[in-house]
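Worksheet: the structure to be examined is printed underneath.
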Amino acid sequence: MRALMAEGEWQPRPGYPVSAAEIQKQRALSGSQVWRHPRFAIQDLPMPQVADDEVLIRVRAVGICGSDTHVYETDRDGYIIFSGLVRLPCVLGHEFSGVVEKTGKLVRELAPGDLVAMESIQWCGYCTPCRSGAPNQCQNIELLGLSTHGALAEFAAVKAKYCWKINSLLERYSEAETFAIGALIEPIGCAYNGMFISGGGLRPGETAVVYGAGPIGLAAIALARLSGASRIIGFERLESRRELARIMGADYVFGIAPKGNPSPASREVLELTGGVGADVQIEAAGDAPHTIPEMERSTAPNGRIVYLGRAERSTPMSLDGLVSGAQKIVGARGHSGYGIFNNIIRLIATGRLDPRPMITSRFPFDEALAALERSAARIDGKILVTMP
């Protein structure tokens with residue numbers, strides 16, 4: 001089968017304390033500290049072998065994630081930008097949908113012909129966080145398409161427990177649309193997890209602010225609208241994405257003002273909320289040094305800041321405001337557990353949530369490298385790679 005393989009050089013940065021486990025597994029806990037000079041090519045690989053608890057998926061649609069872009073991009077020293085778990089070589093791609101081709105002998109819930117979408121958080125189910133109901137914090141976690149082979153390939157073998165049927169979407173959408181939508185469930189799930197699980201939910205009538213109108217930010221805007229937010233304010237550098245934010249449900253969308261600008265983001269939020277501030281602020285831009293100070297200045301009493309973006313940079317915060325305002329800041333990773341996938345599939349199947357406007361570019365698999373290159377421009381909502 002053909003697959004897009006990412007390779008690189010294991011060269012830990014000077015001063016980075018590489019652990020014995022990282023060396024043994026050739027798996028970096030922080031990819032940006034270890035993997036250098038990445039290379040990408042479509043290669044011919046053996047067909048995946050299907051274990052007893054796995055299914056073989058014929059891949060039909062794959063979303064290009066910011067994480068993929070951060071493996072593709074490098075800093076001035078040639079190191080990848082992605083700061084999470086990475087093992088190379090690896091087949092990229094973790095937001096995907098497809099058709100079940102074959103099932104292992106222990107699989108009961110799926111059958112050949114089922115249409116499925118996949119979780120990319122590969123939780124073990126045995127560690128204390130998993131057994132305590134926190135699979136996204138699994139201590140033995142693997143990340144599909146980043147530390148284990150992913151789905152930018154003709155076929156992928158994954159454990160059945162990570163698969164969710166999307167057959168119900170066929171009652172409303174064509175098969176091609178169903179596969180495209182299925183590839184969006186994973187990033188929507190990340191926004192859902194941050195807002196409603198880690199962040200504690202959004203009460204009808206509250207004000208929501210979203211920084212960053214990439215796919216996760218756009219999903220956050222749509223979910224805030226579904227939850228009954230009285231006012232949704234978005235901030236995004238690119239006009240093309242600002243228009244997408246409006247389509248997905250934002251009431252007001254602004255460019256992120258440069259530092260020192262007389263009308264920074266916090267001032268816009270305070271003016272629109274009568275000086276009170278936002279009840280929920282969502283960081284989906286991965287630009288904490290610029291966004292967190294603006295959020296600090298414009299969060300309402302008892303308000304929440306949900307940090308979804310990922311960047312390997314420290315950001316100073318003044319904690320006095322959290323104390324006096326009884327405010328909270330929480331981080332969130334992943335989309336597994338808590339009924340997240342099931343609830344999103346229900347919302348889409350009933351027409352309550354239509355994520356299709358998020359898709360702004362499509363590439364055939366033969367042009368997957370071009371899709372990665374385009375993702376680095378950060379002008380799209382969601383880029384899809386489609387299989388024949």
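Can you go through VAL107, VAL116 and tell me which one is buried (at least 18 other Cβ atoms within 10 Å of the Cβ), more than 21 Å from ARG356 (Cβ to Cβ), of a type outside the set (Ser, Thr, Tyr) and touching a residue at least 24 places away in the same chain (Cβ under 8 Å)? Explain how you work it out, then say what you get.
Numbers: VAL116 fails: more than 21 Å from ARG356 (Cβ to Cβ).
Among VAL107, VAL116, only VAL107 is buried (at least 18 other Cβ atoms within 10 Å of the Cβ), more than 21 Å from ARG356 (Cβ to Cβ), of a type outside the set (Ser, Thr, Tyr) and touching a residue at least 24 places away in the same chain (Cβ under 8 Å).
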Quick count over the range 135-153, residues being surrounded by 20 or more Cβ atoms within 10 Å (Cβ to Cβ) and not in a helix (DSSP H, G or I), is 12
Yes/no for TYR126 being assigned to a loop (DSSP other than H, G, I, E, B) and either surrounded by fewer than 16 Cβ atoms within 10 Å (Cβ to Cβ) or at positive phi (or both): yes
Across the range 154-179, which residue is surrounded by the most Cβ atoms within 10 Å (Cβ to Cβ) among those that are among the hydrophobic types (A, V, I, L, M, F, W, C), more than 21 Å from the chain's Cα centre (by Cα) and over 21 Å from MET47 (Cβ atoms)? LEU169
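Right, ALA156: in the same structural domain as VAL34 (by TED's automatic domain parsing), over 28 Å from LEU308 (Cα atoms) and in contact with a strand residue (DSSP E or B) (Cβ under 9 Å, 6 or more places away or on another chain) or not?
Values: in the same structural domain as VAL34 (by TED's automatic domain parsing): yes; over 28 Å from LEU308 (Cα atoms): no; in contact with a strand residue (DSSP E or B) (Cβ under 9 Å, 6 or more places away or on another chain): yes.
Judged against the criteria, ALA156 is not a match.
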Determine the pairs where a residue that is not assigned by TED's automatic domain parsing to the domain that holds GLY255 and exposed (fewer than 15 other Cβ atoms within 10 Å of the Cβ), located within the range 361-388, has a partner that is in a helix (DSSP H, G or I) and of a type in the set (Gly, Ala, Ser) with Cβ atoms under 6 Å apart, the partner being 6 or more residues away or on another chain. ILE379/SER240
Answer yes if at least one residue in the range 208-216 is more than 20 Å from the chain's Cα centre (by Cα), outside any helix (DSSP H, G or I) and not polar (S, T, N, Q), and no otherwise. no
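The values are calculated or read from the model by the stated rules, or taken from the named source; none is laboratory data. Only a predicted model underlies this, so the values are computations on that prediction, with no experimental measurement involved. Please note: Cβ atoms are built from the backbone with ideal geometry, for glycine as well, and neighbour counts cover all protein chains shown.
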